[in-house]
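**Q** Please find one structure pasted underneath; my questions will follow.
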Amino acid sequence: MNIALRSSAVVSATALTLLLTACSASNENPTTTPPNSDGPATSGARALSGELNGAGASTQQVAMEAWRAKFQADNPGLTINYDPVGSGGGRTQFLDGSVAWAGSDAALSADEYASALDRCGADGAINLPVYVSPVAVAFNLDGVTSLNMDASTIAKIFDGKVTTWNDPAIADQNPGVALPDAAITIVHRSDESGTTKNFTDYLAKASDGAWPYDASGDWANDLGESGQGTAGVIQILSSTSGTIGYADESQVGNLGVVSVKVGDTYNAPSAEGAAIALEASTPAGQNGPNDLAYTLDRTTTAAGAYPIMLSSYAIVCQKYDDATVAANVTSFLAYVASQDGQAAAAAAAGSAPISPDLSAKILSILEGIATASGV
């Protein structure tokens, strides 16, 4: 019998090729849900119930609120909890079995793939990209709402080599902008963060050596101020003039933002630019064809690209021991990855929807996880 990823939300036209059917809990006396205008019929779909716990990237928080609200409204027996503890904390909680899935702006490391064998069994864990978003370099400077900078200048600011706002490295790229002779205060994450890893990956790859550190989820130097999670960084930036930091673009509000140099142009953070940068990137495929972690191209010169971006993942087991947990995880994430779920995230958080082809691929992978888990 085929396995359902139960969701009453609208599913993309591409995903309609998946026949979403389900077994009843006892595989006896299945019921039938009639077709409706919201999507394909689901035969024998059992109601989702209990609690589904996840944790991880604070960048996903705004989108997650929209996803949870819609999915819980359609599945009132299920309560979805998500702790935006940060990508590193989410991966830790997933690997120790505290949560069913993790949200992470950084894919599993080699050591974490190995740990996932204990958590998930012989097939381990995989990364599924469900949230694509620009990371803004945001600042608080009276009377200035936008600045142009190349990667080298951004790297030098965050490594304490450019320390005043009217430094020629900034001023020469911003003719006509009144820049004060005032100190720059950098703001970074205090927790291990996938946003930090993506930001420092950009600095390491695109700054022509100006960033002397490897990409890491932990901040590399002891300069400036630090905040817990995206909210902590935004709070410091918003309350302190002269600051500059980095955060998911959906949460920068009225702060000024940097347009970064790509080729011969300067591009502001945008969902469209993030999507173009992702298209220039390739899956790393660390744990087989179902593992959709990307090696991101930070030096692309594609027109309109915004290379300070993240592909944020849902990290899941390829097989769950508990069929109820598997049904809850795969059903919820099927909605998240659907065209409807991606549209909800775009509306709430300004993220870039994944492509229909990638959406259909993720839905097929999730169906396989449900089947392997005995749903």
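The values are calculated or read from the model by the stated rules, or taken from the named source; none is laboratory data. Remember, predicted model here, so these are calculated numbers, not experimental data. We place every Cβ from the backbone using ideal geometry, glycine too, and count neighbours over all the protein chains shown.
**Q** Checking the conditions here, which among Ala231, Ala220 is of a type outside the set (D, E, K, R) and over 17 Å from Thr59 (Cα atoms)?
**A** Numbers: Ala231 fails: over 17 Å from Thr59 (Cα atoms).
That would be Ala220, the only listed residue that is of a type outside the set (D, E, K, R) and over 17 Å from Thr59 (Cα atoms).
**Q** Follow-up. Within region 325-357, can you find the residues that are farther than 21 Å from Ala57 by Cα and modelled with pLDDT under 95?
**A** Selection gives Ser355, Pro356, Asp357.
**Q** Gln72: in the same structural domain as Ala348 (by TED's automatic domain parsing), in a helix (DSSP H, G or I) and touching an Asp or Glu at 6+ places or on another chain (Cβ under 9 Å), yes or no?
**A** Numbers: in the same structural domain as Ala348 (by TED's automatic domain parsing): yes; in a helix (DSSP H, G or I): yes; touching an Asp or Glu at 6+ places or on another chain (Cβ under 9 Å): no.
Answer is no for this residue.
**Q** Related question: All but one of (1) within 17 Å of the chain's Cα centre (by Cα); (2) in contact (Cβ under 8 Å) with a residue 40 or more places away in the chain hold for Thr200, so report the exception by its number.
**A** Of the numbered conditions (1) within 17 Å of the chain's Cα centre (by Cα); (2) in contact (Cβ under 8 Å) with a residue 40 or more places away in the chain, the odd one out for Thr200 is (2).
**Q** Continuing with the same structure: Output the number of the condition that Ile244 fails; it satisfies all remaining conditions of (1) at pLDDT 95 or above; (2) under 27 Å from Ala102 (Cβ atoms); (3) crowded, with 24+ Cβ neighbours inside 10 Å.
**A** Unmet for Ile244, out of (1) at pLDDT 95 or above; (2) under 27 Å from Ala102 (Cβ atoms); (3) crowded, with 24+ Cβ neighbours inside 10 Å: (2).
**Q** Collect the residues in region 269-293 that are over 30 Å from Ala100 (Cβ atoms) and either surrounded by fewer than 23 Cβ atoms within 10 Å (Cβ to Cβ) or among the acidic types (Asp, Glu) (or both), keeping them in residue-number order.
**A** Passing the criteria: Ser270, Glu272, Ile276, Glu279, Ala280.
**Q** Another question, then. Of all residues in region 171-215, how many are under 30 Å from Val85 (Cα atoms) and surrounded by fewer than 16 Cβ atoms within 10 Å (Cβ to Cβ)?
**A** Residues of region 171-215 under 30 Å from Val85 (Cα atoms): 184-207, 211-215.
Narrowing further to those that are surrounded by fewer than 16 Cβ atoms within 10 Å (Cβ to Cβ): 212-214.
Going through region 171-215 one residue at a time, the tally reaches 3.
**Q** Sort out which residues of region 54-87 are of a type outside the set (A, V, I, L, M) and crowded, with 24+ Cβ neighbours inside 10 Å, and write them in order of number.
**A** Quick first cut of region 54-87, residues of a type outside the set (A, V, I, L, M) only: 54, 56, 58-61, 65, 67-68, 70-72, 74-77, 79, 81-84, 86-87.
Gly54, Gly56, Ser58, Thr59, Gln60, Trp67, Phe71, Gly86, Ser87 - these are the residues of region 54-87 that are of a type outside the set (A, V, I, L, M) and crowded, with 24+ Cβ neighbours inside 10 Å.
**Q** Scan region 316-375 for residues that are touching a Gly at 6+ places or on another chain (Cβ under 7 Å) and closer than 14 Å to Pro129 by Cα and report the count.
**A** 1
**Q** Here's something else I'd like to know. Kindly indicate whether Ser216 is within 23 Å of Val144 (Cα to Cα) and assigned to a loop (DSSP other than H, G, I, E, B). Show your work before the answer.
**A** Values: within 23 Å of Val144 (Cα to Cα): no; assigned to a loop (DSSP other than H, G, I, E, B): yes.
Answer is no for this residue.
**Q** I'm trying to understand the selection: among the residues of region 53-69, which are in contact (Cβ under 8 Å) with a residue 24 or more places away in the chain and in a helix (DSSP H, G or I)? Don't jump to the end; show me each part of the working.
**A** Quick first cut of region 53-69, residues in contact (Cβ under 8 Å) with a residue 24 or more places away in the chain only: 53-67.
Once the filter is applied, which keeps residues that are in contact (Cβ under 8 Å) with a residue 24 or more places away in the chain and in a helix (DSSP H, G or I), region 53-69 yields Ser58, Thr59, Gln60, Gln61, Val62, Ala63, Met64, Glu65, Ala66, Trp67.
**Q** Can I ask one more? Is it the case that region 343-360 has a residue that's closer than 30 Å to Asp208 by Cβ, touching a Ser or Thr at 6+ places or on another chain (Cβ under 9 Å), assigned by TED's automatic domain parsing to the domain that holds Gly121 and not in a loop (DSSP other than H, G, I, E, B)?
**A** Scanning region 343-360, I find at least one residue that is closer than 30 Å to Asp208 by Cβ, touching a Ser or Thr at 6+ places or on another chain (Cβ under 9 Å), assigned by TED's automatic domain parsing to the domain that holds Gly121 and not in a loop (DSSP other than H, G, I, E, B), so the answer is yes.
**Q** State which residue is surrounded by the most Cβ atoms within 10 Å (Cβ to Cβ) when the search covers only region 294-338 and only residues that are assigned to a loop (DSSP other than H, G, I, E, B) and among the aromatic types (Phe, Trp, Tyr).
**A** Filtering region 294-338 for residues assigned to a loop (DSSP other than H, G, I, E, B) gives 296-308, 318-322, 338.
Checking the rest, the ones that are also among the aromatic types (Phe, Trp, Tyr) come to 306, 320.
Values: Tyr306: 27, Tyr320: 24.
Residue satisfying both the conditions and the ranking: Tyr306.
**Q** Next question. Determine, yes or no, whether Ala25 is in a loop (DSSP other than H, G, I, E, B) and either modelled with pLDDT of 95 or more or not assigned by TED's automatic domain parsing to the domain that holds Asp201 (or both). So that I can check it myself, show each step before the final result.
**A** Working: in a loop (DSSP other than H, G, I, E, B): yes; either modelled with pLDDT of 95 or more or not assigned by TED's automatic domain parsing to the domain that holds Asp201 (or both): yes.
Spelling it out, Ala25 is indeed in a loop (DSSP other than H, G, I, E, B) and either modelled with pLDDT of 95 or more or not assigned by TED's automatic domain parsing to the domain that holds Asp201 (or both).
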